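Some notes on the structure that comes next.
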């Protein structure tokens, strides 16, 4: 499994979880890092149930809310956060909230995976408190998660006071999550989108959203990738690129078999972008290039 810089690490899926960590009173207390166009590079920490942390920040309830959640062995400074946050602020005047859940994320994979329900639940309660306290429009809330973070935002969307407008799942984690009742599903937002790039290994190959995209068959190797971790992280690189130019035109597939064989020729629907009003459904395939902007 990859860390925050896409370096692979050997994982034992039979390893015992860290029960002490999972049951610690503050084990689900995420950190919330706010970035806006006023502070695009230096995070402002918003602390749950501390109103002063909002009033002393650049948060503006009249602007859209974009939330990014990293995966295992990552933290708030992970590459996924940097790339997606920068792309959003370069193209949209928004509140970007990066969720840092490094205490659990830096534990073994089994522990981190078992802790995802608490991470997502806490995020859902945080967003409800934030909007109730400082304003915000649920129709302008977009949750974005990579790998384990994809399931965390799915849980958050099912926990919030009102349903978010959109969830984007970037290669949702596969190990320990196929058939998991806490996994991402279509009840997490009005529109749930998944981008699959390493299906069957680090990511899920199953369709689980309103719209599921399978670029380059949705599995390893993605063009220009030699190791699976590169294919896994390709999901957020494609998404970041799509925010700038929205150029990934996918075609509808009859089923996942067509998607996995990149043989889709149906109606067109764009993959990615940050359009909060985006709506659609189905399974889609497309081809991309080897290098940025792909």
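Read the figures in this text as sums done on the coordinates, not as results from a lab. No experiment lies behind these values; they were computed from the predicted model shown. Backbone-built Cβ (ideal geometry, glycine too); neighbour counts: all protein chains shown.
Annotations
- Estimated [θ] at 222 nm from DSSP helical runs (n ≥ 4, -39500 (n - 2.57)) normalised by residues in the chain, nearest 500: -9000 deg cm²/dmol
- The residues 16, 140, 193, when put in order of fewest to most other Cβ atoms within 10 Å, stand as 16, 140, 193.
- Packing-based exposure ordering (other Cβ within 10 Å, fewest first) of 271, 83: 83, 271
- Using C-alpha pairs below 8 Å separated by at least 6 residues, the relative contact order for segment 1-106 is 34 percent.
- Site pair residue 265 and residue 92 shows an inter-label distance of 3.5 nm when each label is modelled 7 Å from Cα along Cα→Cβ.
- The residues 47, 128, when put in order of fewest to most other Cβ atoms within 10 Å, stand as 47, 128.
- Whole-Å distance, taken between Cα centres, linking segment 185-222 and segment 239-294: 11 Å
- Dimensions of segment 19-286 based on its C-alpha atoms, expressed as ranges along the principal axes with the largest first, amount to 54, 41, 31 Å.
- Short-range pairs are left out: with C-alpha atoms under 8 Å and at least six residues apart, the relative contact order of the chain is 15 percent.
- When you restrict to C-alpha pairs under 8 Å that are six or more residues apart and normalise by the size of segment 107-188, the relative contact order lands at 32 percent.
- Available extension along the chain between residue 187 and residue 16 is 58.5 nm, counting 0.36 nm per residue and deducting the alpha carbon span.
- Looking at segment 168-294, the pairs of alpha carbons with a distance over 19 Å make up 41% of the total.
- Multiplying each eigenvalue of the alpha-carbon gyration tensor of segment 185-239 by 5 and taking the square root yields semi-axes of 21, 10, 8 Å, largest first, rounded to whole angstroms.
- Rg to Rh, two decimals, where segment 17-58 supplies the alpha carbon set and Rh follows Kirkwood: 1.16
- Cα convex hull, segment 1-97: 110 Å³ per residue, rounded to a whole number.
- Gained length - residue 161 relative to residue 132, 0.36 nm times residue gap less alpha-carbon distance: 9.5 nm
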